[in-house]
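Some notes on the structure that comes next.
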Amino acid sequence: MYKAKAYSAASATSPLASTSISRREPTEHDVQLEILFCGVCHSDLHTVRNEWKDMMATVYPCIPGHEIVGRVTKVGSAVTKFKPGDIAAVGCLVDSDRTCPECRAGLEQFCPNATFTYNAQDKHIGGVTYGGYSDSIVVTEHFVLRVPSNLNLAGAAPLLCAGITTYSPMRRWGVTKGKKVGVVGLGGLGHMGVKIAHALGAHVVVFTTSPNKKDDAFRLGADEVAVSREAGEMQKHAGSFDFILDAVSAEHDINAYIQLLRRDGNLTLVGAPPKPFAVAGFGLLFGRKSLAGSLIGGLPETQEMLDFCGAHNITSDVEIIPIQKINEAYERLLKSDVKYRFSIDMASLKSE
Ligand SMILES: NC(=O)c1ccc[n+]([C@@H]2O[C@H](COP(=O)([O-])OP(=O)(O)OC[C@H]3O[C@@H](n4cnc5c(N)ncnc54)[C@H](OP(=O)(O)O)[C@@H]3O)[C@@H](O)[C@H]2O)c1
Ligand SMILES: [Zn+2]
Ligand SMILES: [Zn+2]
C-alpha cells in the first residue's frame, strides 16, 4: 500500500476537500497511472450528493472521477500492453469477473460482479473504490485503455464516460448516414453525442433548454437546433426521428420526445435523474416505438470509441480547472453552465 493525494466528500452535504488515501501497490497484472486529467461527470455530482440513494447509496468518504487519462508509472510483471511512460486511460470500470456471459460478450458493464471505478466494493484492499480525483490509480490491465496519440489529453479524458455512453447506444441502434438523430440536453454527454452522431453521418437535431447554446450546437455538428421549451420548435419535428438520445440530468417530460419518433423509432435514455419517469404507453403503441436505456460501454467498445475519436479527431470541448475549483464547478454544472465538460488538471493537486 502507498499513500495517494485525492479530493473527497465526507458526506452528502460536505464540499469536496483535500485528503490522503491508500492505494494498493501494483500486483502482477496491474498498471499504475499518474493521473494527468480527470473529467467531471454529472454522475460524480449525483453520487457525491447521494442522489441515487435508492439505487446505489453512496459510501463516504467518496472520491469520484471516472474519466481518467494519465501516464503509466509502474506495471506488474505480467502486464504486456503498457510500459512506464505510456499514456493510458481508465473509465467507469476497474474490474469484473471476466468469466460470465456478459464479460465474454465484452459487456463488462453488465457483469454481476463488475467493480465501478468509485463507490464500489474494493476487492483488493477492502472498503470502497476511489476514483480519479486523485494523483494516481492502480487498475488491472484489462481495464486500462490506449489513447490515440493525436488527441489532446484534457479533451480526451471525457471520452472515457461521456464519449462511450453516447457512442455505444448510437452503434446499438444503427445511427448512420441518412438517419435523423435527436440529442436532448447539450451538456457533457450531449455535446459528445452531437459530435459522434455527426461523425457517423447522421442528420443531427439538438434539443436544448438553453437558447444561448444554439450557436455552439451548430459548431459542434448539429444540423438543426430546437429550444425544447418552445412548443412550435418541438412540433415541427413530430413523427420524424429514427433515434433520440436523452442525456438530461434532471426531471423532464420524455413523452414530448416519444411523439417525435417515427414508426419503429427508438428513444434511449442515458441521463439518470433519480426520480422515475412517467411514460404514456399510448405514445409507444402508435408507431411501435421503443424506449430503451444504455449504460456506458464494455472495454472492447470503449477502445473502439477511442480509436474512432482518434480517426475523426474528436475530443470533448473542455474548460480546464484546478481541483480547488471543483465545488464551484458542481454548482455551475447544476446551472447547465459548462462548455461542455470540466476537465481537472491534476497537477493542481501537487500543492495540497
Ligand atoms: N447511462 C450512463 O451510462 C451514464 C453515463 C454518464 C452520465 N450519465 C447521466 O447522464 C446525465 C447527464 O450527464 P452529463 O454529465 O452530461 O450532465 P451535464 O453536463 O450536467 O448535462 C446535462 C444537460 O441536461 C440539460 N438539463 C439540465 N437540467 C434540465 C432540466 N431541468 N430540464 C431539461 N434539461 C435539463 C442541460 O442541457 P441544455 O442546457 O442543453 O438544456 C444540461 O447541460 C446525468 O444524469 C448523468 O448521471 C449516465
Ligand atoms: Zn460518467
Ligand atoms: Zn462478468
What are the ³J(HN,Hα) couplings of region 56-66, residue after residue, when phi is run through the Karplus curve with 6.51, -1.76, 1.60 and θ = phi - 60°? Round to Hz, x for glycine and proline. 8, 5, 7, 9, 9, x, 10, 10, x, x, 9
Which residues qualify? For ASP345, with a placed amide H closer than 5 Å and at least 5 residues away or on another chain, they are ILE321, ILE323
Once the mean of 1/r over all distinct C-alpha pairs in region 307-352 is inverted, the Kirkwood radius in Å reads 11.9 Å
Accessible carbon and sulfur surface of region 236-275 relative to its total accessible area, %, 1.4 Å: 48 percent
Kindly work out what percent of the DSSP beta bridges joining two residues of the chain are antiparallel, to the nearest 5. 55 percent
Region 258-296-region 126-183 distance, computed between alpha-carbon centres (Å): 24 Å
Compare GLY106, GLY131, GLY281 in a GNM of the chain, Cα atoms joined below 10 Å, and give the one with the largest fluctuation. GLY281
Dimensionless Rg/Rh of region 205-247 - Kirkwood Rh, Rg from C-alpha atoms: 0.94
Reachable aspartates and glutamates from LYS53, Cα under 18 Å, same-chain residues fewer than 8 places away excluded? ASP44, GLU251
Can you tell me which of 253-261, 119-127, 86-94, 159-167 comes out highest on packing, and rank the rest after it, using the mean Cβ neighbours within 10 Å? 159-167, 86-94, 253-261, 119-127
Using only Cα atoms, find the angle between the long axis of helix 299-311 and the longest principal axis of the chain, and express it within 0 to 90 degrees, rounded to the nearest 10. 70 degrees
Of GLY185, GLY297, GLY174, which is the most mobile in a GNM of the chain whose springs link Cα atoms less than 10 angstrom apart? GLY174
Could you pull the accessible area for THR47 with a 1.4 Å probe, rounded to 10 Å²? 10 Å²
When the Kirkwood hydrodynamic radius is evaluated over all pairs of different C-alpha atoms of region 193-287, what value in angstrom, to one decimal, is obtained? 13.9 Å
Kirkwood hydrodynamic radius (Cα pairs, Å) of region 86-234? 17.4 Å
Semi-axis lengths (Å, descending) of the ellipsoid that matches the C-alpha gyration tensor of the chain: 34, 21, 19
In the structure shown, of LYS5/LYS335; LYS3/LYS350; LYS214/LYS325; LYS81/LYS350, the pairs separated by more than 21 angstrom at the C-alpha atoms are LYS5/LYS335; LYS214/LYS325; LYS81/LYS350
Please give the per residue accessible area of the chain, computed with a probe of 1.4 Å over protein heavy atoms only, in Å². 41 Å²
Considering only protein heavy atoms, with the full assembly of protein chains and a 1.4 angstrom probe, order THR209, THR13, THR140 by accessible area, largest first. THR13, THR209, THR140
Any aspartates and glutamates with Cα under 13 Å of the LYS74 Cα? List them, leaving off those in the same chain fewer than 8 positions away. GLU25, GLU28, ASP30, GLU34, ASP86, GLU141
Choose one answer from ARG172, ARG146, ARG24: the residue with the largest mean-square fluctuation in a GNM of the chain with alpha-carbon springs under 10 Å. ARG172
0 to 90° range, to nearest 10: angle between helix 188-199 axis and the chain longest Cα axis: 70 degrees
Sparsely packed chymotrypsin sites (Phe, Trp or Tyr not before Pro) within region 277-352, loop by DSSP, other Cβ within 10 Å at most 16: PHE277, PHE286
Which cross-chain or sequence-distant (5 or more) residues have an amide H under 5 Å from the amide H of LYS74, H modelled 1.01 Å from N in plane? GLN32
Estimated inter-spin distance, SER77 and GLU230, nm [label 7 Å along Cα→Cβ]: 6.7 nm
Those lysines that a straight Cα-Cα span of less than 26 Å connects to LYS289, excepting residues fewer than 8 apart in one chain: LYS177, LYS179, LYS180, LYS195, LYS236, LYS275
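The values are calculated or read from the model by the stated rules, or taken from the named source; none is laboratory data. Remember, predicted model here, so these are calculated numbers, not experimental data. Don't worry about glycine lacking a Cβ; one is built from the backbone with ideal geometry, like all the others, and counts go over all protein chains shown. Each accessible area value is taken on the protein alone, full model and side chains, heavy atoms only, with ligands, DNA and RNA left out. Shrake-Rupley method; radii C 1.70, N 1.55, O 1.52, S 1.80 Å.
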